[in-house]
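Some notes on the structure that comes next.
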Amino acid sequence: MAKQLFGTDGIRGVAGEYPLDPKTVTALGVALADDLTRRGLHLFPVLIGMDTRESGPALAARLADGLARGGVASEFVGVLTTPGVAYLARTGAFSAGVMISASHNPFQDNGIKVFGQSGFKLPDVEEHEIEEEIFQILESGELDSLPETLPDLEQSYPVDRYLDFLLGTVSCDLGGRKIVVDCGNGAASALAPALLRRAGAQVVPIFDQPNGRNINLHCGATHLQGLQAKVVEEGADIGVAFDGDADRCLMVAKSGKIVDGDAILLVAGARLHKEGKLPGNVLVTTVMSNLGLEKALERLGIVMVRTQVGDKYVLEEMVERGAAIGGEQSGHVIFQRYATTGDGMLTALKVLETCELESAGLEELASDLTVFPQLLVNVRVQARRPLKELPGVQAEIAACEAELAGSGRVLVRFSGTELLLRVMVEGLDHAQVESTAARIVAAIKAELG
């Protein structure tokens with residue numbers, strides 16, 4: 001049976017509404033406590049962290065209350081990044097780590113991500129078991145008389161150990177490079193500027209004044225215009241942008257050019273390859289990464305392996321292959337030697353370290369990446385039918401792929417949450433990409449309406 005609450009990145013929704021209403025969040029705490037008890041981990045507390053959304057403290061308090069009802073203690077680390085929670089969960093005396101964040105979503109949304117004692121997100125089977133117990137608890141009515149409010153948690157665990165760890169991953173001072181840091185008014189607002197200054201950079205922070213409602217608001221990794229303008233205005237060497245929970249990082253070169261996750265993977269992957277630290281000469285990314293990245297890596301002798309969308313699936317493939325690096329076009333980059341999830345601040349440090357070691361600018365290091373024109377079209381359909389049952393669509397896709405003949409790529413997949421069929425086409429020029437996408441969309445509409 002498919003999971004109903006947990007997606008690829010935890011439980012997410014509008015704060016205060018199901019499944020992030022007080023009763024369901026409390027039930028999650030109880031169910032997680034019972035799960036930990038079954039696994040013999042109940043003697044260790046659960047570490048709870050959050051980003052800067054105004055709903056975070058209340059959700060943290062509800063979760064802690066549920067854990068306590070289930071006989072498991074908690075410690076509160078306050079505002080911290082998602083990878084920070086994952087790191088502390090696996091290196092400290094904790095049974096699990098929970099991050100309260102909706103990543104790049106607006107402030108009205110929030111979410112709950114659970115990491116095991118290993119620092120990895122919970123396996124699907126364990127999430128399903130927790131879900132089943134949540135539904136049983138809600139049906140039992142035992143949480144029908146919850147208090148209206150709970151006091152906010154007091155921070156009881158410091159974040160310093162995580163920042164010290166990050167600083168220890170770089171082998172050189174950043175040489176006084178001038179860096180504009182867009183914190184997205186999120187979890188990195190206080191942490192990233194302090195970290196980069198300690199690493200030797202001259203830091204110009206922007207969007208670093210969170211008020212509970214301005215997280216990701218026209219800023220951060222999904223809105224780079226402000227960062228681009230500030231980099232050019234300041235004459236900075238590089239710009240760095242994080243999303244709300246700082247598990248992703250995008251960058252801006254000195255010229256104002258955006259350097260996305262694909263380019264970052266090329267820069268970091270090439271450096272690891274040069275140092276002989278790329279096992280199997282493999283780099284893992286998703287089906288959404290541009291064909292230009294694949295071609296650039298081929299020229300370096302690096303094999304690019306693709307997975308379905310989601311850093312969770314990238315990590316699974318990395319673990320299976322023993323790969324050192326993987327990530328997504330969106331800026332989730334995983335350095336498996338150091339982390340069990342995408343870490344925006346770690347990514348920024350490693351790219352800046354590469355610039356310093358290579359005595360080069362970011363745009364120069366990413367110059368081998370030629371981005372193929374890419375178009376993504378969402379087609380609303382009446383029903384979700386397997387593509388293999390759509391001969392007209394299959395025939396059109398096959399014809400288009402034959403015409404592209406290795407100089408382009410077609411990807412057709414259903415959305416995981418909506419009645420949409422997503423058509424992605426890459427090719428040598430925009431006209432070719434648009435005409436190819438139009439042909440496939442027409443075939444889809446003919447068969448699915």
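The values are calculated or read from the model by the stated rules, or taken from the named source; none is laboratory data. From a predicted model like this one, the values you see are computed outputs, not experimental measurements. When we count neighbours, we look across all protein chains shown, and the Cβ atoms used for this are built from the backbone with ideal geometry, even at glycine.
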Is it the case that region 269-283 has a residue that's in a strand (DSSP E or B), assigned by TED's automatic domain parsing to the domain that holds Ser330, at pLDDT 95 or above and in contact with a Leu (Cβ under 7 Å, 6 or more places away or on another chain)? yes
So, in region 356-387, exactly how many residues are touching a residue at least 12 places away in the same chain (Cβ under 8 Å) and closer than 27 Å to Ile302 by Cα? 17
Here are some residues: Ala102, Ala64. Which one is part of a helix (DSSP H, G or I) and either small (Gly, Ala, Ser) or surrounded by fewer than 24 Cβ atoms within 10 Å (Cβ to Cβ) (or both)? Ala64
Can you find even one residue in region 77-98 that is polar (S, T, N, Q), closer than 25 Å to Glu132 by Cβ, crowded, with 24+ Cβ neighbours inside 10 Å and not assigned by TED's automatic domain parsing to the domain that holds Gly184? yes
Report yes if some residue within region 339-346 is more than 22 Å from Glu275 (Cα to Cα), surrounded by 20 or more Cβ atoms within 10 Å (Cβ to Cβ) and among the acidic types (Asp, Glu); otherwise report no. no
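Restricting attention to region 401-435, and to residues there that are in a strand (DSSP E or B) and charged (D, E, K, R), which single residue is farthest from Pro386 (Cα to Cα)?
Glu426
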Of the residues in region 136-170, those that are in a helix (DSSP H, G or I) and touching a residue at least 12 places away in the same chain (Cβ under 8 Å) come to Ile137, Leu138, Arg161, Tyr162, Leu163, Phe165, Leu166, Leu167
For region 19-36, name all the residues that are over 23 Å from the mean Cα position of the chain (by Cα) and in a loop (DSSP other than H, G, I, E, B). Asp21
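Considering only residues that are charged (D, E, K, R) and modelled with pLDDT of 90 or more, look in region 390-425 and name the one that is nearest to the chain's Cα centre (by Cα).
Arg422
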All but one of (1) in a helix (DSSP H, G or I); (2) over 30 Å from Ile440 (Cβ atoms); (3) free of Cβ contacts under 8 Å to residues at least 12 places away in the same chain hold for Ala398; which doesn't? (2)
So the check is Cβ under 7 Å with 6+ separation or different chains; which pairs have a first residue in region 24-51 that's at positive phi and a second one that's crowded, with 24+ Cβ neighbours inside 10 Å? none
